[in-house]
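One structure is given here, and the rest of the page talks about it.
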Amino acid sequence: MVTATTASGGAEVGDIESFDSSQVLGLVADVGGTHLRFGVAVAGRESTPVSVHCVRRYAVRAHESLSHAAHHYRSVTPSVPAALHRAAVAVAGRVDEDHVQLTNSAWSFSARALSEAQRFEHLHVINDFEAVGHAVGVLRAADLKPVGAQRLSLPLVQGVCAIVGVGTGLGVGGVVANRGSFTVLATEGGHAGFAPTNEKSIEMLRWLRRKHGRVSAERVLSGAGLANVYQALCETEGLQVPELSAAEITTRASAGSDAVCVESVGLFCELLGSFAGDLALTLGAWSGVLVSGAMLQHFDREMLERRVRAGFEYKGRFTPAMRAVPLETISHPHVELLGAARLLVANR
């Protein structure tokens, strides 16, 4: 059976040799535009309903297809049971019934064909930010880092929480909690239009329009987006410089060796905060907003908190209300895999 569904369950990384085979729930995967990860979901106890083990990461370009990568993972990970009949896959793209197309990768696949090739009896394919939404119910305070003084009330029992993630693309999702049950919102909000709020970002929008035509938020808030922010700042200031990657900009900013790189990262953070604040207003996410993305770990934390929070709260008449909304970054290393694992718990 192939489905694209919903679920519930905490996560660790390690081998699974100490677990009884009846505890092994199945294969979990997180497929992004640049990297993909696999792991094995294992059922736990009430305090930790599910854990993820044997996590391995691969470059997307190193494999011809998701099925090829899954076969490789299963063949080179000795402690993974040969017969894994169930799987949950989180993808950075839209799941349209049987067809899945990644947004920032040439990969596409049929969920049914993948299930048949891997001999899965049950396969769940969901958007990666839907997966993050499923993980929200079991995240702990240690899995989050506050941006500001406010903290998300955990466990989330009642209310709306929004989710934003920056990486190869810009992911957006949400969770509606109602006395312990969760409704997860899978969206493509990263492709909503970019909304500048000051003269510098308005000039950036003009530059991006000449380059791309329509400008989505993802054109600014992603790995390639940071490169766009840097190039736009250089162009508008009349600087003739070579193009830099997001990694190069972040490295120079961290070293303090390039003032434009420092300002690019700072402006990126401010725009991220502004987008997250807009999302909170749109969804009524008064319970809080969670932000994920490995690239944020390379930013100066004090600067990140200051400028993200400034952009988040800059909402005119709603500024006082926004000051009370928790905003936190997710530090859990495999939150998408955890969310995928919860699907397997709920559909045992």
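The values are calculated or read from the model by the stated rules, or taken from the named source; none is laboratory data. What you are looking at is a predicted structure, and each value in this text was computed from that prediction instead of being measured. When we count neighbours, we look across all protein chains shown, and the Cβ atoms used for this are built from the backbone with ideal geometry, even at glycine. Accessible surface areas use protein heavy atoms only, side chains included; no ligands, DNA or RNA. Shrake-Rupley method; radii C 1.70, N 1.55, O 1.52, S 1.80 Å.
With a cut-off of at least 1 residues that are in contact with a Pro (Cβ under 9 Å, 6 or more places away or on another chain) and among the charged types (D, E, K, R), name the helices (runs of 4 or more DSSP H) lying wholly within segment 197-310.
The helices (runs of 4 or more DSSP H) meeting that bar are 199-212.
Which of the following residues is under 28 Å from Thr34 (Cβ atoms) and touching a Gly at 6+ places or on another chain (Cβ under 7 Å): Ser292, Ser287?
Ser292
Looking only at segment 54-74, which residues are in contact with a strand residue (DSSP E or B) (Cβ under 9 Å, 6 or more places away or on another chain), surrounded by fewer than 16 Cβ atoms within 10 Å (Cβ to Cβ) and in a loop (DSSP other than H, G, I, E, B)?
Residue satisfying the conditions is Ser65 alone.
Scan segment 9-52 for residues that are modelled with pLDDT of 75 or more, β-branched (Val, Ile, Thr) and open to solvent by less than 40 Å² (accessible area, probe 1.4 Å) and jot them down.
Answer for segment 9-52, where residues must be modelled with pLDDT of 75 or more, β-branched (Val, Ile, Thr) and open to solvent by less than 40 Å² (accessible area, probe 1.4 Å): Val24, Val28, Val31, Val40, Val42, Val50, Val52.
Scan segment 208-223 and give yes if some residue there is surrounded by fewer than 20 Cβ atoms within 10 Å (Cβ to Cβ) and of a type in the set (A, V, I, L, M, F, W, C), otherwise no.
no
Kindly check whether there is at least one residue in segment 121-132 that is out of contact with any Asp or Glu (no Cβ under 9 Å at 6 or more places or on another chain) and surrounded by fewer than 16 Cβ atoms within 10 Å (Cβ to Cβ).
Yes, the conditions are met somewhere in segment 121-132.
Are any residues in segment 75-94 open to solvent by 40 Å² or more (accessible area, probe 1.4 Å) and either aliphatic (A, V, I, L, M) or closer than 14 Å to Asp30 by Cα (or both), and if so, which ones?
Correct list: Val76, Ala82, Ala83, Arg94.
Quick check: is even one residue across segment 255-266 open to solvent by 20 Å² or more (accessible area, probe 1.4 Å) and on the phi > 0 side of the Ramachandran plot?
Yes; the residues of segment 255-266 include at least one that is open to solvent by 20 Å² or more (accessible area, probe 1.4 Å) and on the phi > 0 side of the Ramachandran plot.
What number goes with the only condition from (1) open to solvent by less than 10 Å² (accessible area, probe 1.4 Å); (2) at pLDDT 95 or above that Leu344 does not pass?
Looking at each condition in turn, Leu344 falls short on (2).
Filter segment 308-322 down to the residues that are open to solvent by 40 Å² or more (accessible area, probe 1.4 Å) and either in contact with a Leu (Cβ under 8 Å, 6 or more places away or on another chain) or within 16 Å of Leu290 (Cβ to Cβ) (or both) and list them by number.
If the condition is that a residue be open to solvent by 40 Å² or more (accessible area, probe 1.4 Å) and either in contact with a Leu (Cβ under 8 Å, 6 or more places away or on another chain) or within 16 Å of Leu290 (Cβ to Cβ) (or both), then Phe318 is the only one that fits.
What number of residues within segment 95-106 are touching a strand residue (DSSP E or B) at 6+ places or on another chain (Cβ under 8 Å) and either open to solvent by less than 10 Å² (accessible area, probe 1.4 Å) or over 21 Å from Gly173 (Cβ atoms) (or both)?
Looking only at that region, the number is 3.
Any idea which residue in segment 133-147 is farthest from Pro49 (Cα to Cα), counting only those that are open to solvent by 30 Å² or more (accessible area, probe 1.4 Å) and modelled with pLDDT of 90 or more?
Restricting to residues being open to solvent by 30 Å² or more (accessible area, probe 1.4 Å) and modelled with pLDDT of 90 or more, the top hit is Pro146.
Give just the number: which of (1) within 30 Å of Val175 (Cβ to Cβ); (2) open to solvent by 60 Å² or more (accessible area, probe 1.4 Å); (3) among the hydroxyl-bearing types (Ser, Thr, Tyr) does Ser115 not satisfy?
All conditions pass for Ser115, except number (2).
Of (1) open to solvent by 20 Å² or more (accessible area, probe 1.4 Å); (2) in contact with a helix residue (DSSP H, G or I) (Cβ under 7 Å, 6 or more places away or on another chain); (3) in a helix (DSSP H, G or I), Gly190 satisfies all except one. Which?
(1)
Return yes when Val325 is modelled with pLDDT under 95, β-branched (Val, Ile, Thr) and surrounded by 14 or more Cβ atoms within 10 Å (Cβ to Cβ) and no when it is not.
No: the conditions fail for Val325.
Using beta carbons and a limit of 8 Å, which pairs, at least six apart or on different chains, have the first residue in segment 72-98 and under 24 Å from Val132 (Cβ atoms) and the second one among the acidic types (Asp, Glu) and in a helix (DSSP H, G or I)?
Ala90/Asp128; Ala90/Glu130; Ala90/Glu336; Val91/Asp128; Ala92/Asp128
For segment 224-254, how many residues meet the condition of being closer than 19 Å to Glu199 by Cβ and buried (at least 20 other Cβ atoms within 10 Å of the Cβ)?
6
Which ones in segment 302-317 are of a type outside the set (Phe, Trp, Tyr) and either in contact with a helix residue (DSSP H, G or I) (Cβ under 7 Å, 6 or more places away or on another chain) or modelled with pLDDT under 95 (or both)?
Scanning segment 302-317 gives Met303, Leu304, Arg307, Val308, Arg309, Ala310, Gly311, Glu313, Lys315.
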